[in-house]
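Okay, structure first, notes after.
Every number in this text was worked out from the coordinates using simple rules, so none of it is lab data. Quick caveat: nothing in here was measured; it's all calculated off a predicted structure. Neighbour counts are summed over all protein chains in view; Cβ atoms, including those assigned to glycine, are modelled from backbone coordinates with ideal geometry.
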Amino acid sequence: MQKLVAFVVLLIGCSVTAQNLTTDNAFGQNGHTITSIKNRQASIASLGLQSNKKIIACGSAFDGSSNQLVLTRYSTDGLLDKSFGTAGRVVLPIGTYMQYESNSVHILKNNSILVAATDGAKSDQHIVLLKFHPNGSQDRNFGKNGIARVNLPQKSVASSIAVQSDGKIIVGGKISEEYSLDYTDFLVGRFLPNGSPDESFGVNGFTMINFGTTTNRHVVSEDVVHSLKIQPDGKIIAAGFTFAEPSNSTSDFAMLRLNFDGSPDTTFGKNGRVITNFGRGEIAESIQLADDGKILLSGIYYYNDDASQKICLAKYNSDGTLDTNFGINGKVVNDFNNDANSGFAFASHLQPDGKLIVGGYVDNTSVDLFLQRFNADGTPDVSFGFDGQLTIDRGADETANVIFPLADGSLLLGGGSRRGSKRDFLLTKVKTHLKSNFKFGADSFSVSPNPFKKYIDVEFNMIQNEPIVIEVRDALGNNVTSVVPEKIGGKGGVSERINFPDTLSAGMYYLNISAGDRVSTVRIQKHD
């Protein structure tokens, strides 16, 4: 057993001035990487990380009439990895007439890449799943030549993807109602690892929920999933918005919880559904799950005849009731401090200390990235940025659609950068000054066997939620292998087997477990 050894990471100088946050100037060009996609209108919608710490960006490129699915890969320093796809890019004619589609990516444990997207004409959209090898080539054994098409009676759209511990794939989105193509229902589907629908879930693999009424599907409403998460107990949380006619003239937060078999969880809200009205028009864009079972939604609050926007948050108990200790009766509506009359909160990240970071963009004289941090009780964290808010302006119009946390406490922001009529992929990296307690059950972990021949087993017990990375380096500091455990920083026991190639030379190596700004290291010995 090895005792914990901690060190403080030296934060790199900043190009923005803000307490607790700096752009990582060693990443890309002054913290930013811009990638052009065939001179199209392009934007990142989702991010993933392979075990070698290479970054996968997923989005779309629009030519004025149709979209193409786009994947790019970057090294840890933000440079485009030209060994991926064609010159660092994968571009496929999968898309519809919609600009900036919400294509969603998930990286599997073997570094394969899963994507949920939407294909087809305006009147005939349908969900497609795609699988790629780690290098960006299509996995022809998945679906039909790498693509699994979903044939539902009405048109369907994908917006979010997640993968269960058993490898089954969950996709959230929307499906047009049978009685009116202009109105939609929540759609959650489950697929087998080969891309075929899992018929043990819902009805033939799908659950469709109308928030307009629980009994009469003829009551029309527009219900859309924007985000989904899988709880530790296997239940599925999906959130977005509902707009019901004629009872409502504006949209509300809508949230659904499903049991493992796809049936609505009747212990949650009303028949598995929760609707939250802030008083205007609201859309939930992002979900975060807290360690204590509580749920945080963040999104956009529309006012002034939908011409202006604010941030809105809601926090719920595990049964779907609002947590009255958060904000005002469980809800927060927050203005922008820079007098912007338009702003959008698309993404969020829940820190291990319970503080919530939301991100998107604000539109004043220019469009800029923004981040805002809230305390666990919903009040703005005034120690962050300027009164809790930070804008990042790099001279163009910049937007952020996704926040992706890294094990060292830094954040990746994915979105778009526009100059004139052209928009490119934009990837930004910021470092937070978050201190990591990095606590295990007994401030220790076990490694066996040591010395080893082909593999080692790493075991420890986490007592707080914290993202972690396990890596092995040689005596010169070169990376041999990296692993992001399936149970990333969850409370309780973590066990991970690390297999080594037969070509690995005998000798001394260093096993590092990193979290936040600390690392624990133990020497391991490879013998013949």
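Would you mind giving the average projected area, over all directions, of the Cα convex hull of segment 260-391 in nm² with one decimal?
One quarter of the hull surface, i.e. the mean projection, equals 8.6 nm².
For segment 62-71, in order, what is each residue's ³J(HN,Hα) by Karplus, 6.51 cos²θ - 1.76 cosθ + 1.60 with θ = phi - 60°, in whole Hz (x at glycine and Pro)?
Each residue's phi maps through the Karplus curve to give 10, 9, x, 9, 8, 9, 10, 6, 10, 10 Hz.
How large is log10 of I(q)/I(0) for segment 34-140 at q = 0.11, 0.14, 0.19 Å⁻¹ when the intensity is taken from the Debye formula with one equal scatterer per alpha-carbon?
Debye output, listed in q order: -0.30, -0.49, -0.89.
Would you calculate the separation in nanometres between label points at residue 525 and residue 250, each defined as 7 Å from the Cα along the Cα-to-beta-carbon direction?
The modelled label-to-label distance comes out at 6.9 nm.
Return a whole-number percent for the relative contact order of segment 81-145, with Cα pairs under 8 Å and 6 or more residues apart as the contact set.
On the way: 96 pairs, mean separation 16.9, N = 65.
It comes to 26 percent, rounded to a whole number.
Over 23 Å between Cα atoms: which of 53/174; 144/235; 109/131; 54/355; 53/109 fall into that group? Walk me through the intermediate numbers first.
Numbers: 53/174 33 Å; 144/235 30 Å; 109/131 13 Å; 54/355 27 Å; 53/109 13 Å.
Checking Cα-Cα distances, 53/174; 144/235; 54/355 exceed 23 Å.
Once amide H atoms are placed 1.01 Å from N in the peptide plane, what residues at a sequence separation of 5 or more from residue 42, or on another chain, have their amide H within under 5 Å of its amide H?
62, 423, 424
State the extension gain, in nm to one decimal, for the chain segment bounded by residue 504 and residue 200, taking 0.36 nm per residue of separation less the distance between their alpha-carbons.
Going from the current span to full extension adds 105.1 nm.
Which FRET efficiency value, to the nearest 0.05, do you get for residue 29 and residue 364 by plugging their Cβ-Cβ distance into 1/(1 + (r/R0)^6) with R0 = 22 Å?
0.35
Can you pull the one-decimal nm distance between simple spin-label points at residue 133 and residue 52, each 7 Å off the Cα toward Cβ?
If labels sit at residue 133 and residue 52, their model points lie 1.3 nm apart.
Let me see the pair-distance distribution of segment 73-202: every alpha carbon pair, 10 Å bin width, integer percents in order.
Pairs per bin, as whole percents: 12, 42, 32, 11, 2, 0.
Under the classification rounded if a/c is under 1.5, otherwise prolate if a/b is larger than b/c and oblate if not, where does segment 326-432 fall, given a ≥ b ≥ c as square roots of the Cα gyration tensor eigenvalues?
oblate
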